[in-house]
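Shown next, in structure tokens, is the structure this report addresses.
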Amino acid sequence: MIDKSYYRWFNGYTNNVLALTWCSAATTDDVLASCRIPPEITEPMKFLGGDVDMLIGRLGTGTVILDYSVDCPTPGALPALARQGPCLRAAWCDEVPAIVSYHHQDGRMIEFDAASRDRYPNPDLASVERWIATTPGGKESWDDHWGRAVLVTAEALVEASVDEEWMQSMHVGVTFPPSTPVDTWRS
């Protein structure tokens, strides 16, 4: 189970990340294909190993995507990635609400502001509350500390935890060319 010290450790590594996505069954190649990312703009990279827009790494049964740029194509690719298995995304940035979205394999999506679930619930607050109650952390965890609740839910989704070994492993780094319009990478 995720405790306060693990959360602080994880947050220390990911404090420059704008969004994290856990795909329960997708591979790195699935992510690259769904995001329409050509192999020539990828390179093997360790976590925080360079100037990067995205980092994609296998974890457990699935893949973790770290978006360091608001221009990443991950949100548009999630419906396709979720067809292989559910995906969970948590996105935050300074004064912008922390948005959590869960993409079901059947195409349904739950999305909400993690700090204030009654703002921006999609499709509605009752659906969000029902989904939260079914997650591994349950309602109490989401009410107490949504960041830890996301991690507990994500770990269960991919059946593994991010640990020091994962942080030190090689992953796939993606750096988008500056001259390329952002819409090229969006699905």
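Let's see if you can work this out: charge +1 on each Lys and Arg Cβ, -1 on each Asp and Glu Cβ, no other charges. What is the dipole magnitude of the chain about its Cα centre, in debye to the nearest 20? Before the final figure, lay out each step's value.
Values: 14 positive and 26 negative charges, 56 e Å.
That gives a dipole near 260 debye.
What's the longest bit of the chain with no exposed GluC sites (Glu not before Pro), using DSSP loop states and at most 12 other Cβ atoms within 10 Å as the test? Let's see the in-between values first.
Details: sites that count: E95, E159.
Counting only loop sites that pass the neighbour cut-off, the longest clear stretch is 1-94.
Of the chain, which part is the longest with no trypsin sites (Lys or Arg not before Pro) in a loop (DSSP not H, G, I, E, B) and with at most 14 other C-beta atoms within 10 angstrom? That would be 37-107. Just checking the listed ones, L81, L20, L125: in the Gaussian network model of the chain with Cα springs under 10 Å, the one fluctuating most is L125.
Using 0.36 nm times the number of residues separating Q105 and L48, minus their current alpha carbon distance, what extension gain do you get?
Numbers: separation 57, 0.36 × 57 = 20.52 nm, distance 3.07 nm.
Here the segment from Q105 to L48 would lengthen by 17.5 nm.
Of all the options D144, D113, D124, the one that moves most in a Gaussian network model of the chain with Cα springs shorter than 10 angstrom is D144.
Computed from the C-beta positions of V70 and I41 and an R0 of 22 Å, the FRET efficiency is 0.80 to the nearest 0.05. Both radii are taken from the alpha-carbon atoms of the stretch 37-187; with Rh as the Kirkwood radius, Rg/Rh is 0.97.
Among P177, P79, P39, the residue with the largest mean-square fluctuation in a Gaussian network model of the chain, with springs joining Cα atoms closer than 10 Å, is P177.
Rounded to the nearest 20, the Cβ-based charge dipole of the stretch 52-147 about its Cα centre (Lys and Arg +1, Asp and Glu -1) stands at 460 debye. Rounded to the nearest 500, the helix-only mean residue ellipticity at 222 nm of the chain stands at -9500 deg cm²/dmol, with each DSSP H run of n ≥ 4 adding -39,500 (n - 2.57).
Pull out a ≥ b ≥ c, the square roots of the eigenvalues of the alpha-carbon gyration tensor of the stretch 1-126, then state rounded if a/c is under 1.5, prolate if not and a/b is larger than b/c, and oblate in the remaining case.
oblate
All of the numbers you see were taken from the coordinates with simple rules; none came from a lab. Owing to the predicted nature of the structure, the values given are computational and were not obtained by experimental measurement. Quick reminder, even Gly has a Cβ in these numbers, built from the backbone with ideal geometry, and neighbours come from all protein chains shown.
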